[in-house]
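Trainee: My structure is below; once you've seen it, I'll send some questions.
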Ligand code: R5P
């Protein structure tokens, strides 16, 4: 059993960490994190963490490489300060889409990041909606993989009449995810048949498999990045006669002109979680609604600390 539970955070999503701390009833630890003028990061942990079970909350969100480097150097500082166990709570795992060698001479960066985190000294990773479940296997340490689906399902049931709803995955890769949400909402599902071409962000939607005419469609995906995939799919759904179109994604990366594209799209509302902190521009978009996963993380942390099952979070 670990005696002291400590919560600390880097700079990637302080509001989420503060909310987790409130739900857990544990204050955030005191750390200093800054950059020297030469762009190198520095961290100093001001609390005693010797012998502690530490939960370090740091999504690897924008600026991705800074967030990742900060995560690594905080792990290193904790290890050298004799923390007994270092649990990395990484609600958004960047580089997850680079998870296979599907072209000649390309990296598998999701695996490289797993190695970096492990070598730095992490004992466990707690994460939410990995782009692909098998990324868990890139780690040789325990990975507690949490899902936002129960939170989305509860929310949709509370705001929508559950009639004529269809959950739509924008591609075949997300079909299991969409099926899981459709099952909870007791509704049908459809799949976009998308072809991605080249190395850039462009993707080409070819077809919609499933019946969407006259229905309220909930497009469901793990990540909205540029918005290209979802918005093309939304237009295809509109052409196929969908009555209303909503979208839900766990991770609101929203890079480039995503917000402007969303505003101009047939998507009425985009529901995302707070795994990634929104800047003021994104937060002011009237189409975006954020659901909090802070309580789920707080419950997971407390249960992991005392060695209890976390399976109630999957109900
Ligand atoms: C792709 O397989 C992912 O699940 C997302 O659909 C995709 O990465 C989202 O990217 P974007 O918003 O740039 O189309």
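Rule-based calculations on the coordinates, nothing more; no lab input. This is a predicted model, so every value here is computed, not measured. Here the Cβ is made from the backbone with ideal geometry for all residues, glycine too, and neighbour counts use every protein chain on show.
Trainee: Would you mind pulling out the separation of the Cα centroids of the range 160-190 and the range 90-159, in Å?
Mentor: 22 Å
Trainee: I would also like to ask the following. With viscosity set to 0.890 mPa s and temperature to 25 °C, compute the Stokes-Einstein D of the range 149-291, Rh being the Kirkwood radius across alpha carbon pairs; µm²/s, no decimals.
Mentor: Details: Rh = 14.9 Å.
After rounding, the answer is 164 µm²/s.
Trainee: Just subtract the alpha-carbon distance of residue 80 and residue 263 from 0.36 nm times their residue separation and send over the number in nm, one decimal.
Mentor: On the way: separation 183, 0.36 × 183 = 65.88 nm, distance 4.77 nm.
Gain on stretching residue 80 to residue 263: 61.1 nm.
Trainee: While we're looking at this one, here's another question. Taking the Cα atoms only, what angle lies between the long axis of helix 64-80 and the longest principal axis of the chain, rounded to 10 degrees?
Mentor: The angle comes out near 30 degrees.
Trainee: To continue, here is another question. For the range 110-201, rounded, prolate or oblate, judged on the Cα gyration tensor with a ≥ b ≥ c (square roots of eigenvalues), a/c < 1.5 rounded, else prolate if a/b > b/c?
Mentor: On the way: a/c = 3.42, a/b = 1.60, b/c = 2.13.
Oblate, because a/c is 1.5 or more while a/b does not exceed b/c.
Trainee: On C-alpha positions alone, give me the angle between the axis of helix 14-24 and the longest principal axis of the chain, in degrees, nearest 10.
Mentor: 80 degrees
Trainee: Still on this structure, please answer the following. Contour minus end-to-end for residue 291 and residue 34, with contour as 0.36 nm per residue of separation and end-to-end as the Cα-Cα distance?
Mentor: Extra length available between residue 291 and residue 34 comes to 89.6 nm.
Trainee: Calculate, in nm to one decimal, what residue 48 and residue 116 gain on full extension: separation in residues at 0.36 nm each, minus their alpha carbon distance. Before the final figure, lay out each step's value.
Mentor: Numbers: separation 68, 0.36 × 68 = 24.48 nm, distance 2.48 nm.
Roughly 22.0 nm would be gained on extension.
Trainee: Here is a further query. Report, in degrees rounded to the nearest 10, the 0 to 90 angle that the Cα long axis of helix 175-185 makes with the longest principal axis of the chain.
Mentor: Helix 175-185 and the main axis of the chain meet at about 80 degrees.
Trainee: Just order 103-112, 226-235 by mean Cβ neighbour count inside 10 Å, highest at the front, would you?
Mentor: Numbers: 103-112: 12.0, 226-235: 22.4.
Put in order of decreasing packing, that is 226-235, 103-112.
Trainee: Please give the FRET efficiency for residue 176 paired with residue 106, using the beta carbon to beta carbon distance and R0 = 22 Å, rounded to the nearest 0.05.
Mentor: 0.35
Trainee: Under the rule of -39500 (n - 2.57) per DSSP H run of 4 or more residues, summed and divided by the residues of the chain, what mean residue ellipticity at 222 nm is obtained, to the nearest 500 deg cm²/dmol?
Mentor: Taken over the chain, the calculation gives -9500 deg cm²/dmol.
Trainee: Quick one: work out the % antiparallel among DSSP beta bridges in the range 149-291, nearest 5. Each step should come with its number before you reach the end.
Mentor: On the way: 6 of 30 bridges.
Counting DSSP beta bridges with both partners in the range 149-291, the antiparallel share is about 20 percent.
Trainee: Let me ask another. In Å³ and rounded to a whole number, note down the convex hull volume per residue for the Cα atoms of the chain.
Mentor: Numbers: hull volume 43.2 nm³, N = 315.
Dividing the Cα hull volume of the chain by its residues yields 137 Å³.
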